[in-house]
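> Attaching a single structure in structure tokens format; questions to follow.
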Amino acid sequence: TKKGQNFQDSFGISGYSLLSGAQTTNGLWTNIYTGGGSGVIVAAASGRAHVMGQQPLVASSGSGLDTYATLTVTNAVFQDFDMTIDMMTFSQTRTAWSAKTHEVGAIIWRYSDATHYYYFMQKPYGVEFGKQDGTQIFLKTPGINQTDLTLDTWSTYRIRAEGALHQIWKDGTLVVSHGDTGSSGATASMALGKIGLFTVDSYSLYDNVSINSI
């Protein structure tokens, strides 16, 4: 996208669901996979008239080895940007086994394919910022007492990615500031891509997405 280009979505047209590969009615998003469950639903939820909700199939194996996820991405591509988004993990849905700490909603950016993107998640204890670059790489995991997750509670996140520097705020508090100096930080596969909304073994909601290219 060009510098200064704006992307806004408050999911104002509601009351429908997406199948894998389908686009939202406004043409801004495409679902990559639904995780076998109710998938992506744009409707009223948690006190708001228009939100995107993602809920994959419930993991119910007694072994705790099954897992299901949902991913929806923008059709637009972004390189350097400043974005804000409201997000909540409404509930962790795994049954017959304790919920795992990474089973929450997440935000993905510079997504070019399933193995190249950056991500951020608000975990029950602290936050996690990392990337997939052929393999998962943890870039920043602040202390366990910092910005804990509260289920069924909206928070506003701001993500600013400019070159190798990634900064993330939660409700106005800076929780991540990290320069990715790894070997892949400047490569084409990690330099630009789509914005993604992701959830794994949980029911997560998203609203008021604003992205400005810088």
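> Out of the residues in region 9-40 that are at pLDDT 90 or above and closer than 15 Å to residue 207 by Cα, state the one that is surrounded by the fewest Cβ atoms within 10 Å (Cβ to Cβ).
26
Residue by residue, here is whether (1) of a type outside the set (A, V, I, L, M); (2) surrounded by fewer than 16 Cβ atoms within 10 Å (Cβ to Cβ); (3) part of a strand (DSSP E or B) holds:
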residue: 42; (1), (2), (3): no, no, yes
residue: 62; (1), (2), (3): yes, yes, no
residue: 71; (1), (2), (3): no, no, yes
residue: 85; (1), (2), (3): no, no, yes
residue: 88; (1), (2), (3): no, no, yes
residue: 94; (1), (2), (3): yes, no, no
residue: 99; (1), (2), (3): no, no, no
residue: 137; (1), (2), (3): no, yes, yes
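> Restricting the first residue to region 14-32 and requiring it to be within 14 Å of residue 54 (Cα to Cα) and among the small types (Gly, Ala, Ser), which pairs with a second residue that is open to solvent by 30 Å² or more (accessible area, probe 1.4 Å) and in a loop (DSSP other than H, G, I, E, B) meet a Cβ separation below 8 Å and a spacing of at least six or different chains?
Matching pairs, first to second residue: 17/38.
> Of all the residues that make up region 85-124, how many are polar (S, T, N, Q) and more than 18 Å from residue 151 (Cβ to Cβ)?
So the answer is 2.
> Conditions first: (1) under 19 Å from residue 177 (Cβ atoms); (2) among the small types (Gly, Ala, Ser); (3) open to solvent by 10 Å² or more (accessible area, probe 1.4 Å). Residue 126 passes all but one, so which condition is the exception?
Evaluating residue 126 over (1) under 19 Å from residue 177 (Cβ atoms); (2) among the small types (Gly, Ala, Ser); (3) open to solvent by 10 Å² or more (accessible area, probe 1.4 Å) leaves (3) as the failure.
> Then there is this: Quick one: residue 80 ticks every box in (1) within 28 Å of residue 166 (Cα to Cα); (2) among the acidic types (Asp, Glu); (3) surrounded by fewer than 16 Cβ atoms within 10 Å (Cβ to Cβ) bar one, so which box is it?
Among (1) within 28 Å of residue 166 (Cα to Cα); (2) among the acidic types (Asp, Glu); (3) surrounded by fewer than 16 Cβ atoms within 10 Å (Cβ to Cβ), the lone unmet condition for residue 80 is (3).
> So, in region 101-116, of the ones that are within 25 Å of residue 76 (Cα to Cα) and either among the charged types (D, E, K, R) or at pLDDT below 95 (or both), which residue ends up surrounded by the most Cβ atoms within 10 Å (Cβ to Cβ)?
Looking at the filtered set, the residue picked out is 110.
> Within region 101-135, take every residue that is part of a strand (DSSP E or B) and aliphatic (A, V, I, L, M) and give me the one that is farthest from residue 196 (Cα to Cα).
Top of the filtered list is 127.
> Evaluate the following for residue 47: is it surrounded by fewer than 21 Cβ atoms within 10 Å (Cβ to Cβ) and under 22 Å from residue 156 (Cα atoms)?
Answer is yes for this residue.
> Then there's this: Restricting to region 147-167, and then to whatever is in contact with a strand residue (DSSP E or B) (Cβ under 7 Å, 6 or more places away or on another chain) and among the β-branched types (Val, Ile, Thr), can you tell me which residue is nearest to residue 101 (Cα to Cα)?
Top of the filtered list is 147.
> Collect the residues in region 63-118 that are closer than 21 Å to residue 9 by Cβ and among the charged types (D, E, K, R), keeping them in residue-number order.
Listed by number, the residues that qualify are 80, 82, 86, 110.
The values are calculated or read from the model by the stated rules, or taken from the named source; none is laboratory data. The structure presented is a predicted model; accordingly, all values stated were derived computationally and were not measured. Note that each Cβ is placed from the backbone with ideal geometry, even for glycine, and that neighbours are counted across all protein chains shown. Remember, those area values only see protein heavy atoms, side chains included, never the ligands or the DNA or RNA. Shrake-Rupley method; radii C 1.70, N 1.55, O 1.52, S 1.80 Å.
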